[in-house]
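Enquirer: I'd like to ask you about the structure that follows.
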Amino acid sequence: MKHQRTLTYFISSLFLLLFCVSVNAQNEEDTTPVNDTIVIKEKYGLRVGVDMSKLGRSFFDDDYSGFEIAADYRLKKRLYIAGEIGFDEKTTVTDFLDVTSKGSYIKAGIDYNMYQNWLNMDNMIYSGFRIGASSFSQNRNSFTVYTTNQYWAPQFTSTDLEEFKGLTAIWAELIIGMKVELFNNLYLGLNAQLKIMASETEPDNFGNVFIPGFNKTFDGSGIGVGYGYTISYRIPLYKKDK
């Protein structure tokens, strides 16, 4: 009988020890950190597009034709180098002047994305800065000399074409806009631009009324504005962990 009680006590103690060891092992397993294996990748590459507003205006406005290619390249998570290159031709007609301006331009600078994307989204709400330069010509198609004596003396009008070549302009530009990914690597964008003239060459006897890339000069104030609607495609070169 004594041996039977001893055996029973030994078996009970053994089961209690095994139970304690099992519970302790489970607790240690529960407190072990689990590594997340899901990694979000962000796309880096060259994005190239066209300004649809210039194409649309060229189609509907008989006095204008233009084309612009825009591009950006992602350097860091929020920072891009960006630029535009294009061509404008615009005929401006007023009561006293008929002028055709035409030429090419280039703009270069940076964009900073202010929008925090969710998960694998790739949209932009951005602000940016550009330095722009234009080389253009002005054709004075006709002009009328204004006189204070409108009743008695006829106003002098000339229709002799005169061309002024080799004109240049340099300006700074602030830009704000957005780009939305419609489909994989395909983006729709819009932007607004505020331009500040730094230097320009002018034709003899009249000022520039339109500068390619800068747009209308607003009576020599040195301030210009612009806008754009772009369709662009990103060529993905590589990816980085988000």
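The values are calculated or read from the model by the stated rules, or taken from the named source; none is laboratory data. Small disclaimer: the values here were computed from a predicted structure and weren't measured. Please note: Cβ atoms are built from the backbone with ideal geometry, for glycine as well, and neighbour counts cover all protein chains shown. Side chains included, ligands, DNA and RNA excluded: accessible areas come from the protein's heavy atoms. Shrake-Rupley method; radii C 1.70, N 1.55, O 1.52, S 1.80 Å.
Enquirer: Inspect all residues belonging to segment 198-215 and state whether any of them is hydroxyl-bearing (Ser, Thr, Tyr), open to solvent by less than 30 Å² (accessible area, probe 1.4 Å) and touching a Ser or Thr at 6+ places or on another chain (Cβ under 6 Å).
Expert: no
Enquirer: Where residues in segment 165-191 are surrounded by 14 or more Cβ atoms within 10 Å (Cβ to Cβ) and charged (D, E, K, R), which of them is farthest from PRO212 (Cα to Cα)?
Expert: Within segment 165-191, the match that is farthest from PRO212 (Cα to Cα) is GLU181.
Enquirer: Name the one entry in GLY49, GLY56, GLY66 that is closer than 30 Å to ASN117 by Cα and either assigned to a loop (DSSP other than H, G, I, E, B) or open to solvent by less than 40 Å² (accessible area, probe 1.4 Å) (or both).
Expert: GLY49
Enquirer: So, one more: Could you tell me whether any residue of segment 33-45 is farther than 30 Å from TYR126 by Cβ, among the β-branched types (Val, Ile, Thr) and at pLDDT below 65?
Expert: yes
Enquirer: Still on this structure: Could you grab me the full set of residues in segment 110-134 that are surrounded by fewer than 19 Cβ atoms within 10 Å (Cβ to Cβ) and assigned to a strand (DSSP E or B)?
Expert: ILE110, TYR112, ILE125, SER127, PHE129, ILE131, ALA133
Enquirer: Applying the selection to segment 72-91, what residues are open to solvent by 20 Å² or more (accessible area, probe 1.4 Å) and under 18 Å from GLN138 (Cβ atoms)?
Expert: Across segment 72-91, the qualifying residues are PHE87, GLU89, LYS90, THR91.
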